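Colleague: Attaching a single structure in C-alpha coordinates format; questions to follow.
The values are calculated or read from the model by the stated rules, or taken from the named source; none is laboratory data. Here the structure is a predicted model, which is why all the values come from computation and not from measurement. Backbone-built Cβ (ideal geometry, glycine too); neighbour counts: all protein chains shown. When the accessible area is computed, the model is the full protein with side chains, heavy atoms only, and any ligands, DNA or RNA have been set aside. Shrake-Rupley method; radii C 1.70, N 1.55, O 1.52, S 1.80 Å.
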Amino acid sequence: MRIGELSRRTGVSARSLRYYEDQGLLTSSRSDAGQRHYSDAAVQRVSLIRQLFDAGMSSRVIASVLPCVDVPGDLGVAEETFTSMMRERDRIDADIAHLIETRDALDVLIRANSRHRAELSTAPEPVAKSA
(Lines give C-alpha, C1' and ligand atoms only; values in the text may rest on other atoms or scores of the structure.)
Protein backbone atom coordinates (compact mmCIF):
# COMPACT_ATOMS: atom_id res chain seq x y z
CA MET A 1 0.00 0.00 0.00
CA ARG A 2 1.11 3.57 -0.56
CA ILE A 3 1.77 6.09 2.20
CA GLY A 4 -1.65 7.73 1.86
CA GLU A 5 -3.41 4.41 2.37
CA LEU A 6 -1.24 3.57 5.41
CA SER A 7 -1.98 7.02 6.80
CA ARG A 8 -5.71 6.52 6.31
CA ARG A 9 -5.71 3.04 7.85
CA THR A 10 -3.67 4.04 10.90
CA GLY A 11 -4.79 7.63 11.47
CA VAL A 12 -1.13 8.70 11.44
CA SER A 13 -0.09 11.54 9.14
CA ALA A 14 2.10 10.84 6.12
CA ARG A 15 4.62 13.25 7.62
CA SER A 16 4.82 11.13 10.79
CA LEU A 17 5.15 7.96 8.73
CA ARG A 18 8.09 9.49 6.85
CA TYR A 19 9.61 10.47 10.22
CA TYR A 20 9.22 6.90 11.48
CA GLU A 21 11.02 5.69 8.40
CA ASP A 22 13.80 8.28 8.81
CA GLN A 23 14.26 7.07 12.41
CA GLY A 24 14.48 3.42 11.31
CA LEU A 25 11.20 2.47 13.00
CA LEU A 26 9.36 1.62 9.79
CA THR A 27 10.50 0.34 6.41
CA SER A 28 9.10 0.55 2.92
CA SER A 29 10.07 -0.41 -0.56
CA ARG A 30 10.23 2.11 -3.38
CA SER A 31 8.61 2.02 -6.77
CA ASP A 32 10.55 3.00 -9.88
CA ALA A 33 8.94 6.42 -9.49
CA GLY A 34 10.24 6.66 -5.91
CA GLN A 35 6.89 6.18 -4.18
CA ARG A 36 6.89 4.40 -0.84
CA HIS A 37 5.09 1.08 -0.63
CA TYR A 38 4.30 -0.65 2.67
CA SER A 39 3.25 -4.20 3.48
CA ASP A 40 -0.01 -4.94 5.26
CA ALA A 41 2.05 -5.66 8.41
CA ALA A 42 2.98 -1.96 8.51
CA VAL A 43 -0.49 -1.19 9.92
CA GLN A 44 0.23 -3.24 13.05
CA ARG A 45 3.80 -1.86 13.23
CA VAL A 46 2.55 1.74 13.16
CA SER A 47 0.02 0.90 15.86
CA LEU A 48 2.81 -0.45 18.07
CA ILE A 49 4.99 2.59 17.38
CA ARG A 50 2.10 4.90 18.36
CA GLN A 51 1.55 2.95 21.59
CA LEU A 52 5.21 3.30 22.48
CA PHE A 53 5.20 7.04 21.69
CA ASP A 54 2.01 7.44 23.72
CA ALA A 55 3.78 5.72 26.63
CA GLY A 56 6.33 8.54 26.53
CA MET A 57 9.16 6.77 24.77
CA SER A 58 11.45 8.66 22.43
CA SER A 59 12.14 7.45 18.90
CA ARG A 60 15.64 6.45 20.07
CA VAL A 61 14.23 4.22 22.80
CA ILE A 62 11.58 2.79 20.47
CA ALA A 63 14.32 1.93 17.96
CA SER A 64 16.13 0.02 20.72
CA VAL A 65 12.97 -1.90 21.70
CA LEU A 66 11.63 -2.85 18.26
CA PRO A 67 14.34 -5.43 17.47
CA CYS A 68 12.71 -7.66 20.10
CA VAL A 69 9.60 -7.65 17.91
CA ASP A 70 11.61 -8.12 14.71
CA VAL A 71 13.86 -10.93 16.00
CA PRO A 72 11.87 -12.53 18.85
CA GLY A 73 14.01 -15.67 19.09
CA ASP A 74 17.36 -13.94 19.62
CA LEU A 75 18.40 -14.02 23.30
CA GLY A 76 20.94 -11.22 22.82
CA VAL A 77 18.29 -8.96 21.32
CA ALA A 78 15.86 -9.91 24.08
CA GLU A 79 18.44 -9.04 26.75
CA GLU A 80 19.28 -5.68 25.15
CA THR A 81 15.59 -4.88 24.82
CA PHE A 82 14.96 -5.82 28.45
CA THR A 83 17.76 -3.48 29.54
CA SER A 84 16.30 -0.66 27.42
CA MET A 85 12.81 -1.21 28.81
CA MET A 86 14.05 -1.26 32.42
CA ARG A 87 16.04 1.94 31.82
CA GLU A 88 12.94 3.55 30.32
CA ARG A 89 10.81 2.40 33.27
CA ASP A 90 13.35 3.91 35.68
CA ARG A 91 13.19 7.19 33.73
CA ILE A 92 9.40 7.19 33.94
CA ASP A 93 9.55 6.49 37.70
CA ALA A 94 11.92 9.44 38.12
CA ASP A 95 9.57 11.65 36.07
CA ILE A 96 6.63 10.58 38.24
CA ALA A 97 8.56 11.35 41.42
CA HIS A 98 9.45 14.79 40.08
CA LEU A 99 5.84 15.46 39.11
CA ILE A 100 4.68 14.44 42.61
CA GLU A 101 7.21 16.83 44.18
CA THR A 102 6.04 19.61 41.86
CA ARG A 103 2.39 18.90 42.67
CA ASP A 104 3.14 18.91 46.41
CA ALA A 105 4.92 22.28 46.12
CA LEU A 106 1.96 23.65 44.20
CA ASP A 107 -0.42 22.34 46.89
CA VAL A 108 1.55 24.34 49.51
CA LEU A 109 1.12 27.48 47.42
CA ILE A 110 -2.58 26.79 46.86
CA ARG A 111 -3.18 26.40 50.61
CA ALA A 112 -1.27 29.62 51.35
CA ASN A 113 -3.24 31.45 48.68
CA SER A 114 -6.53 30.08 50.01
CA ARG A 115 -5.70 31.33 53.54
CA HIS A 116 -4.67 34.71 52.15
CA ARG A 117 -7.90 35.04 50.15
CA ALA A 118 -9.94 34.10 53.23
CA GLU A 119 -8.13 36.74 55.29
CA LEU A 120 -8.76 39.37 52.62
CA SER A 121 -12.45 38.52 52.39
CA THR A 122 -12.99 38.91 56.17
CA ALA A 123 -10.82 41.98 56.70
CA PRO A 124 -12.70 45.24 57.27
CA GLU A 125 -12.60 47.73 54.46
CA PRO A 126 -10.15 50.56 55.13
CA VAL A 127 -11.83 53.85 55.95
CA ALA A 128 -10.88 56.70 53.68
CA LYS A 129 -9.61 59.80 55.51
CA SER A 130 -11.31 63.04 54.67
CA ALA A 131 -9.20 66.09 54.06
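Colleague: Shape call for the range 6-56 from the C-alpha gyration tensor, a ≥ b ≥ c root eigenvalues: rounded (a/c under 1.5), prolate (a/b greater than b/c) or oblate?
Modeller: Prolate, because a/c is 1.5 or more and a/b exceeds b/c.
Colleague: Taking +1 at the Cβ of each Lys and Arg and -1 at the Cβ of each Asp and Glu, which of S84, I110, P67 sits farthest along the dipole of the range 62-116 towards its positive end, judged by Cα position relative to the Cα centre?
Modeller: In the range 62-116, that residue is I110.
Colleague: Could you check which residue among E80, E101, E88 shows the biggest mean-square fluctuation in a GNM of the chain with a 10 Å Cα cutoff?
Modeller: Most flexible of the set in this elastic network: E101.
Colleague: With springs only between Cα atoms under 10 Å, which of V108, V61, V69 fluctuates most in a Gaussian network model of the chain?
Modeller: V108
Colleague: How much net charge surrounds E5 when only the other residues with a Cβ under 11 Å from the Cβ of E5 are counted, with Lys and Arg +1 and Asp and Glu -1?
Modeller: Its environment carries a net charge of +3.
Colleague: Same structure, new question: Could you check how much of the accessible area of the chain is carbon and sulfur, as a whole percent, using a 1.4 Å probe?
Modeller: Its accessible area is 55 percent carbon and sulfur atoms.
Colleague: Next question. Give me the accessible area per residue for the chain, probe 1.4 Å, as a whole number in Å².
Modeller: Averaged over the residues of the chain, the accessible area is 73 Å².
Colleague: Rg and Dmax of the range 92-131, Cα atoms, in Å?
Modeller: Just the Cα atoms of the range 92-131 yield Rg and Dmax of 18.9, 65 Å.
Colleague: Let me ask another. Excluding ligands and nucleic acids, what accessible area in Å² is computed for D90 using a 1.4 Å probe, to the nearest 10?
Modeller: For D90, the solvent-accessible surface is approximately 90 Å².
Colleague: Relative to the Cα centre, what is the charge dipole magnitude of the range 1-126, using +1 at the beta carbon of each Lys and Arg, -1 at the beta carbon of each Asp and Glu, and rounding to the nearest 20 debye?
Modeller: Once rounded to the nearest 20, the dipole reads 560 debye.
Colleague: Can you tell which of S64, S31, S84 shows the greatest fluctuation in a Gaussian network model of the chain with Cα springs below 10 Å?
Modeller: For the chain, modelled as a Gaussian network with Cα springs under 10 Å, the answer is S31.
Colleague: How much mean residue ellipticity at 222 nm does the chain get from its helices, if each DSSP H run of length 4 or more adds -39500 (n - 2.57) and you divide by all residues, to the nearest 500 deg cm²/dmol?
Modeller: -22500 deg cm²/dmol
Colleague: Continuing with the same structure: Once a ≥ b ≥ c are taken as the square roots of the eigenvalues of the Cα gyration tensor of the range 2-104, is the result rounded (a/c under 1.5), prolate (a/b larger than b/c) or oblate (a/b not larger than b/c)?
Modeller: oblate
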